[in-house]
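Just below is one structure, and these are the notes that go with it.
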Amino acid sequence: MFTLPASLTRWLLTLTGVGMSVFHLYVAQVGPPDAYVMRGLHLAFAMVLAFLMFPGFGRRAPTAFDLILLIAAAASALYPTFNLQYIQNRMYYVDDPIVLDYVFGGGLTLLLLEATRRATGWALPITALAFLLYGLTAGNQSIGIMLDQLYLTTEGIFGIPLYVSATYVMLFILFGAFVERSGAGQLFMDFALALAGHTSGGPAKVAIITSSLFGTVSGSAVANVMTTGTFTIPLMIRTGYRPAFAGAVEAVASTGGQLMPPIMGAAAFVMAEFLGVSYLTVATFAILPAILYYLAVFMAVHFEARRVGLVGLPKPDLPRVGQVLRERGHLFLPLAIIIGVLLAGFSAAFAALCGIASVVPTTWLRANTRRTFTIPVIIDALEAGAKNTVIVALACACAGIVIGTITLTGLGLSFTGVVLALSQNSLILALILTMAAGIVLGMGLPTTPAYIVQVALLVPALVKLGVQVEAAHLFVLYFAVLSAITPPVAMAVYAANGISRAGLMESSWAAVKLGLTGYIIPFMFVYGPSLLLIGEASTIALTIVSATVGVMCLAGGLHSYFFFGATRIWERAMLIGAAFALIKPGIVTDLIGAGLIAATVASQLMISRPVTPAAAAAGKAGSTG
């Protein structure tokens, strides 16, 4: 079968990728066109790139068949754009679709499923296909009505998820591509080494700090692992960490990037649209839980290092904070600009545009970064931004099939009834069911469609049981994200294992243990919305203190070490009990938690312990770090 020459494929990819990025930058500057035009062009670009990037028949280069598919995909995605007046004037669900509607609408649906399969695997297309079949059979909908909903309105493929991908996500991914090429990755690494490299277990702490910083601009757990983990995992192993633990640290730290403001992952922008609030509001809800997540991982690493006697890296060999900031600190400016623009009340799209516009001039502020961006590098960044958007765009469009079917058939209301019946109107049972569903969906689907499906099927049941709507949305998002470290399908752990070469299950369970606080935090903010910075200032302050102490206790209990030394079994039990007491809002539980901590500390101080070489080394590391 005829295949495209490599040079032609390369040229087509560059032309399409740069064209997609330039189009979105232009729209961000002058304002969006009609919804069908904006979303149709976004999807057309993404599908063309998908058929070029992921050839069929297991080939390395696109074939003539792939070219036919990409032309058909682009035509189907742009059909509403070229027939905009007809689409806007017809009465959906009343006027019957014409033959061309069936041809292009059916074609787009099938081609979207195929492009998504190539880009993300079988799980999401099969899920969308199952909902389509449900709508046509049990949902009692005709093909014409389904076509109307999914293709000829903005309630299906061209719905809110694709709107968010086209308006916000594309720009932030493009921003990340420019930031990566500015040298900020080296800044993040050097900054983390300067801050924590010399402390007990320094390399693991470096991994946490670096991954949290890089995660703010990447939004992908796997991409984060493959970018920062190539340095941090070998460094951790060389300094004494078990390969499984080293890989787990990187996987858990990288996964948290989707939960960490200011940028988070693509699903956060979808959440803002569903809630009808600004993205800054969503980031405000998410900031404290994200800090607690990383604090828990940081303390777990610290306690593990002290327990086994791991020292930090030699301080003379590490960069100094002042030196790092003088040489590359200016590369933090684009992130600061995005935060400043958001705080000033502007839209997320405008903030991303300002961030992108600031990256190149920022590199001119120092001689050592002034020549970073050449014309080829800028073209490469534009192309990479478009390529990195493909999976998100296709996933959002495919999720639109699911959402459109649920809305048309009323399946969401039926599913809410099922959840309420299974939980017997018990909130804790409903939360556990939702957690399990979120993890299972997240194992097979990218985070964004997994979150979208849960919003349609599970969030209404939680809200009906009295959960604050913001907490319900963030709850399902957390478990869609945490599926990346949850066995048996833990994609972030798989990526880390490719570097650490450790046993898969050993690494997976180490990741669960390290990230356990992340599984508990969603229950915390459901029962105590003050953790989302909602409520009175005094209540929020008390929640912050109790939750902070609680996650430290949980880390100490799970990793057999607390501030005064290794813990015995009853001390671990008291620490875990204190953690759960402090996690539940309320004065009584806080007092119980404080009492258990006091008892643990007293036990540690009163009962003498033999000094082992490991403990001595840990003590020496602590005194020097």
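Brief remarks follow.
- Helices (runs of 4 or more DSSP H) enclosed by region 450-502 - at least 3 residues per element that are outside the structural domain of residue 290 (by TED's automatic domain parsing) and at pLDDT below 90: none
- Residue in region 252-268 that is more than 25 Å from residue 507 (Cβ to Cβ) and in contact with a His (Cβ under 8 Å, 6 or more places away or on another chain) present: no
- Among the residues listed as 417, 438, 385, the single one being farther than 24 Å from residue 154 by Cα, free of Cβ contacts under 8 Å to residues at least 60 places away in the same chain and crowded, with 24+ Cβ neighbours inside 10 Å: 438
- A residue that is assigned to a helix (DSSP H, G or I), modelled with pLDDT of 90 or more and touching a Phe, Trp or Tyr at 6+ places or on another chain (Cβ under 8 Å) occurs nowhere in region 304-319.
- Residue in region 84-106 that is within 24 Å of residue 13 (Cβ to Cβ) and without any contact (Cβ under 8 Å) to a residue 40 or more places away in the chain present: no
- Residue within region 572-584 that is outside the structural domain of residue 206 (by TED's automatic domain parsing), over 30 Å from residue 314 (Cα atoms), surrounded by fewer than 13 Cβ atoms within 10 Å (Cβ to Cβ) and at pLDDT 85 or above present: no
- Sub-6 Å Cβ pairs linking a first residue in region 224-243 that is within 18 Å of residue 199 (Cα to Cα) to a second residue that is part of a loop (DSSP other than H, G, I, E, B), at least 6 apart or interchain, are 240/310, ordered by first then second residue.
- Residue check, residue 521 within 24 Å of residue 426 (Cα to Cα) and assigned by TED's automatic domain parsing to the domain that holds residue 294: yes
- Per this entry, residue 515 is not counted among residues that are modelled with pLDDT of 90 or more, among the small types (Gly, Ala, Ser) and within 27 Å of the chain's Cα centre (by Cα).
- Close pairs from region 54-73: first of a type in the set (D, E, K, R), partner at pLDDT 90 or above, Cβ under 6 Å, at least 6 apart: 66/51; 66/55
- Only listed residue being surrounded by 24 or more Cβ atoms within 10 Å (Cβ to Cβ) and touching a residue at least 60 places away in the same chain (Cβ under 8 Å), chosen from 111, 162: 162
- Qualifying residue in region 367-378 (condition: within 28 Å of the chain's Cα centre (by Cα), part of a helix (DSSP H, G or I) and farther than 30 Å from residue 237 by Cβ): yes
- Filtered residues of region 256-280 (kept if β-branched (Val, Ile, Thr), modelled with pLDDT of 90 or more and in contact with a helix residue (DSSP H, G or I) (Cβ under 7 Å, 6 or more places away or on another chain)): 270
- Within region 460-477, the residues that satisfy the criterion of being touching a Phe, Trp or Tyr at 6+ places or on another chain (Cβ under 8 Å) and among the β-branched types (Val, Ile, Thr) are 467, 476.
- Considering region 238-281, and only residues there that are charged (D, E, K, R), assigned to a helix (DSSP H, G or I) and surrounded by fewer than 24 Cβ atoms within 10 Å (Cβ to Cβ), the residue that is nearest to the chain's Cα centre (by Cα) turns out to be 273.
The values are calculated or read from the model by the stated rules, or taken from the named source; none is laboratory data. None of the values given here were measured: they were computed from a predicted structure. Heads up, the Cβs are rebuilt from the backbone with ideal geometry, glycines too, and the neighbour counts pull from every protein chain shown.
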